[in-house]
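S.K.: Have a look at this one.
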Amino acid sequence: MTLLTSPTILLTLTLLTLYIAYTKTKLYLTRRTFKSHHHCKPCPHTYHHDPILALDVLHETLTAAKSRRLLKNFQARFARMGGATTYRTRMLTQPFIVTCEPANIQTILSLRFKDYSLGNRIDSFHALLGDGIFNSDGATWARSRALLRPSFARDRVSDLEGLEALVGTLVSLLPRDGATVDLQGLFFRFTLDSAMAFLFGSAVGSLEGREEAARFALALGVASRDIVAKFRYGALKGVRPGKREAEAAVRTCHEYVERFVDEAIAWRKEREEKVADGDVDCGRHGGGEGEEKNGEKYVFLRELVKQTTDRTRLRDELINVLLAGRDSTAALMANFFFEVAKRPDIWEELRREVGVLEGKVPSYEELRGFKLVKYCLNEILRLYPVVPNNARLAIRDTVLPLGGGTDSKSPLFVPAGTTIGYNPYVMHRNPTFYGPTAESFDPYRWATIRPGWEYLPFNGGPRICLGQQFALTEASYVVVRMVQEFARVESRDENGGVWVEELGLTLSSFGGAKVGLWGAERG
């Protein structure tokens, strides 16, 4: 009798086969009941030809990304299916559902929030962002949000004094005689300084061209672009180009931020020693009030270090907030000038609107009153959303309200383990929501429209961006001050005014924001 014919082996194989058959049958019946209860119907739209690994989709995605047409490619996929807003596809072994349907996005991000996780994004982002707020789920994410939320209260984001000092440096670097300048690079340096000042208490001299700040900014750019490459390559991320350079860049970023963390931890210890000696009220449990009452400047990191001295956690949270604070606001301002520089009529109207200040710097309340400034920024965020494409992983069987049936109007079953890609870029350009001029820059549309989930500039639901008011306030302030400083702006785009994507963690313009500026008379 051979080993393979042993009664014990045969019994084991029989029981294993029966167990697998039982679990699969139970899963099938459970899912059939679930789909019947929710009135789910199959998705009629599929986007791949290779039935095994969908290598055609992977090739198309990588080719489109290389030619900087990935977002347009996403638009074209929906268009090829007759304007459907939801379809199924695959990326290697991973099943995907892709949607630009507002009701589905609301369900993913809000109504059925607990049915989803960040999925393999956590692994792709972890080297740089660790377990910070943008790269964690569940209890870890909830702790991060509770830790960071107080620092984005209105009285924090409405403090404009620090911004004015940086605006002065920015304006001093700009030609006033119509010479061409690329504002995008300067805006990224500006927002690095402003984010660092908010987080650490002082700017790092990026606008002034300090070498150490430039080295950090370069490393941050390399590391953030590699995150996107890892996510895009998926299971093949180990062979992605630039891997070693990115690993070195991550080390540079961590070492740079850890210096500030160590200084803050030392500051806390010193404060505690003074409290023990009765020399100072630390304000440890006052959310920063102790410092502000004593006339000390609010510093984000010092508030965090009052709550934890975990070095890695502090570093992770700081890099998360720093990256978001720098990239999103800089891209918003650069895209604003990319578009407005082609519209002298809008610049003139902005000049009239801001003219009520009579040359004075605006207060927070005055900023909020400039309607055209707000309309322009809203329109830029519509056309060029900060995060134009995002994803979640279904961690349990769940359902989307739309996408099933021949008319795509029935609920759609989402099996556990399916990645849902949602696409604000495509949704924001849907003529159904924004009319026949959806592809055009038209800030005046915001005088009459009041969009809901079809407008998603800063995500939505429980994970809505904590720093959105910080970003909008900063962008509004810079726009208003530059409108005051410059009488004319003219596009000098080298691509004929055609915007080309630079798709990293956030969306920016590959061609920058090249303009000519003419200084206004100073009273």
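S.K.: Report the FRET efficiency, 1/(1 + (r/R0)^6), for Arg368 and Asp345, where r is their Cβ-Cβ distance and R0 is 22 Å, rounded to 0.05. Don't skip to the answer; put the middle values down first.
M.R.: On the way: r = 24 Å, r/R0 = 1.09.
Result of the calculation: an efficiency of 0.40.
S.K.: Still on this structure: From the cross-link list Lys35/Lys409; Lys26/Lys409; Lys269/Lys306; Lys24/Lys409; Lys41/Lys409, which pairs have alpha carbons spaced over 19 Å apart? The partial results should precede the final answer.
M.R.: On the way: Lys35/Lys409 15 Å; Lys26/Lys409 29 Å; Lys269/Lys306 10 Å; Lys24/Lys409 29 Å; Lys41/Lys409 9 Å.
Where the Cα-Cα span goes over 19 Å, the pairs concerned are Lys26/Lys409; Lys24/Lys409.
S.K.: Which residues does the label zone of Leu27 cover in the range 398-422, counting backbone N under 15 Å from a point 7 Å along Cα→Cβ?
M.R.: Answer for the range 398-422: 398, 414-419.
S.K.: Same structure, new question: Return Tyr384, Tyr375 ranked ascending by Cβ neighbour count within 10 Å, so the fewest neighbours appear first. Could you put the intermediate results ahead of the total?
M.R.: Values: Tyr384 26, Tyr375 17.
In increasing order of surrounding Cβ atoms, one gets Tyr375, Tyr384.
S.K.: Moving on. Taking the number of other C-beta atoms within 10 Å as the exposure measure, put Phe125, Phe300 in order starting with the fewest. The partial results should precede the final answer.
M.R.: Working: Phe125 22, Phe300 26.
Ascending number of Cβ neighbours within 10 Å: Phe125, Phe300.
S.K.: Grab the beta carbon distance between Lys243 and Lys409, set R0 = 35 Å, and tell me the FRET efficiency rounded to 0.05.
M.R.: With R0 = 35 Å, the Cβ-Cβ based efficiency is 0.20.
S.K.: Let me ask another. From the phi of every residue in the range 142-147, what ³J(HN,Hα) in whole Hz does the Karplus formula 6.51 cos²θ - 1.76 cosθ + 1.60 yield, where θ is phi - 60° and glycine or proline is x?
M.R.: Computed from phi, the couplings for the range 142-147 are 4, 5, 4, 5, 5, 5 Hz.
S.K.: Mind putting a number on the dipole of the chain about its Cα centre? Charges go on the C-beta only, +1 for Lys and Arg and -1 for Asp and Glu, and I need it in Debye to the nearest 20.
M.R.: On the way: 69 positive and 62 negative charges, 504 e Å.
So the dipole magnitude of the chain works out to roughly 2420 debye.
S.K.: Pop the C-beta distance of Thr63 and Thr8 into the FRET formula with R0 = 56 Å and round what comes out to the nearest 0.05.
M.R.: Working: r = 54 Å, r/R0 = 0.97.
The computed FRET efficiency comes out at 0.55.
S.K.: Follow-up question, since we're still on this one. Computed from these coordinates, which is Cα extents along the principal axes in Å: [x] 76, 57, 56; [y] 63, 54, 45; [z] 98, 67, 42?
M.R.: [z]
S.K.: Could I ask something else about it? Stretch Glu263-Thr448 to full length: gain in nm at 0.36 nm per residue minus the Cα-Cα span?
M.R.: Numbers: separation 185, 0.36 × 185 = 66.60 nm, distance 5.02 nm.
Result: 61.6 nm gained on full extension.
S.K.: Taking Cα centroids, how far is the range 383-424 from the range 201-241 in Å?
M.R.: One Cα centre to the other: 30 Å.
S.K.: Along the Cα-to-C-beta direction of Arg488, a point sits 7 Å from the Cα; which residues of the range 497-523 have their amide N less than 20 Å from that point?
M.R.: 497, 514-523
S.K.: Further question: What nm distance separates the two modelled labels at Thr17 and His39, each placed 7 Å from Cα along Cα→Cβ?
M.R.: Those two pseudo-labels are separated by 4.3 nm.
S.K.: Tell me, Thr12, Thr107 in order of fewest to most beta-carbon neighbours within 10 Å?
M.R.: Lowest count first: Thr12, Thr107.
S.K.: Check Ala391: other-chain or 5+ apart residues with amide H under 5 Å from its amide H, H built from backbone geometry?
M.R.: HN-HN under 5 Å from Ala391: Tyr422.
S.K.: Straight distance only, please: which aspartates and glutamates reach the Cα of Lys72 with their own Cα at less than 14 Å, same-chain residues fewer than 8 apart left out?
M.R.: Within reach: Glu60, Glu439, Glu501, Glu502.
Quick note: the coordinates plus some simple rules give every number you see, no bench work behind them. Computed from a prediction, not measured in an experiment: that's the story for all the values here. Ideal geometry is used to build each Cβ from the backbone, glycine not excepted, and the neighbour counts take in all protein chains shown.
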